[in-house]
C-alpha cells in the first residue's frame, strides 16, 4: 500500500465507481468524501493491480472491523478502470485465497453488477435486496402534518441514560447489529445527529441522520421503535419531525434504505412522499 497514494486512489475509485456494472455502495458521492473515508480506513488488507508505470488498474478495498465477537470485511469492489472482468476475478480470487475462515465478507452493490451477483450465487451465498428511497424537502407544502409528540434532536454527547435506552432499542431492532451505539453515538454533530421520540417520558423510537458535506442531502441511517410500541405511528411521526428539521436546515433531499423483507415499510415511505429510486444488492461470504 505504501506506493499507492490516497489522492490517486480516491480519483481512481471515483471514476471506476461511476460504472454501475461495478459500483460499490460504500463509495461516497464526491471526491472529497471518498478521500476522507479512505483516510479513516485501514487499507493494509486491500488489494491493488498497477501497470508497468505504477498507474492503478484495479482496486479492492477491504475495510475490516470487529462487531462483537464477529470480524467483518466490508468490500469496495473489486473495481477496474477500464472495465476488465478477468482482472476483477483475479482480485476476488486473490482475496479469497488469503481470507481467514472466521471472517465474514460483506458486499453492497448495485443490481447492474451482474458479474458480482453471479460470483456470490456461485459460492452459495444468499443475496438480499434493498430499495433506495428519496424525499424532496425543498417545499414545506410537501410535508405531512407536524407531529405534536415530544421530539428531541441531539447534536452533542448524550447522557448515559439516553445512551443505554437507545442501545436497548438498537439491539431490539438489529439483533446482530454490525455498527454498535458506541460507534453511532460518538462525535454527534450538525452532520451526524440523533433524533428521539418520547411517550410518557420514555424513549420509544430513535433515528440516526447524516448530512453530506455539501449540506444538500441527508441520509436516514437507522430508525428503530420499541417492539411494544409498534403500530402507534412512532416511525411516521419521527420521520416527519426529521423532515421538518432538515427542511429548516435547508437540506434538499432525505434518502433512506429499506430492506426488501420489510414490506410494511414500503407503504409507509410511499405515504410519507418518498420515491423509490433503485434497488441495491447485499451479499456475504462466510
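What follows draws every value from the coordinates through simple rules; no lab data is involved. Computed from a prediction, not measured in an experiment: that's the story for all the values here. Every residue, glycine among them, receives a Cβ derived from its backbone with ideal geometry; neighbour counts consider all protein chains shown.
Spread over its residues, the convex hull of the C-alpha atoms of region 77-148 is 178 Å³ per residue.
Spatial offset of region 52-103 relative to region 218-280 amounts to 32 Å, using the alpha carbon center of each. To the nearest 10 degrees, how steeply does helix 234-248 sit against the main Cα axis of the chain, on a 0 to 90 scale? Between the helix axis and the principal axis of the chain, the angle is about 80 degrees. Here the chain is treated as a Stokes sphere of Kirkwood radius computed over C-alpha pairs; at 20 °C and 1.002 mPa s its diffusion coefficient rounds to 105 µm²/s.
Can you sort 174, 108, 229 by how many other beta carbons sit within 10 Å, fewest first?
Least crowded to most crowded, the residues run 174, 229, 108.
Here the sum of -39500 (n - 2.57) over DSSP H runs of 4 or more residues, divided by the residues of the chain, equals -9000 deg cm²/dmol at 222 nm, to the nearest 500.
Could you give the angle, 0 to 90 degrees to the nearest 10, between helix 160-173's Cα long axis and the longest principal axis of the Cα atoms of the chain? Helix 160-173 and the main axis of the chain meet at about 70 degrees.
Counting only alpha carbon atoms, the long axis of helix 85-98 and the longest principal axis of the chain meet at about 80°.
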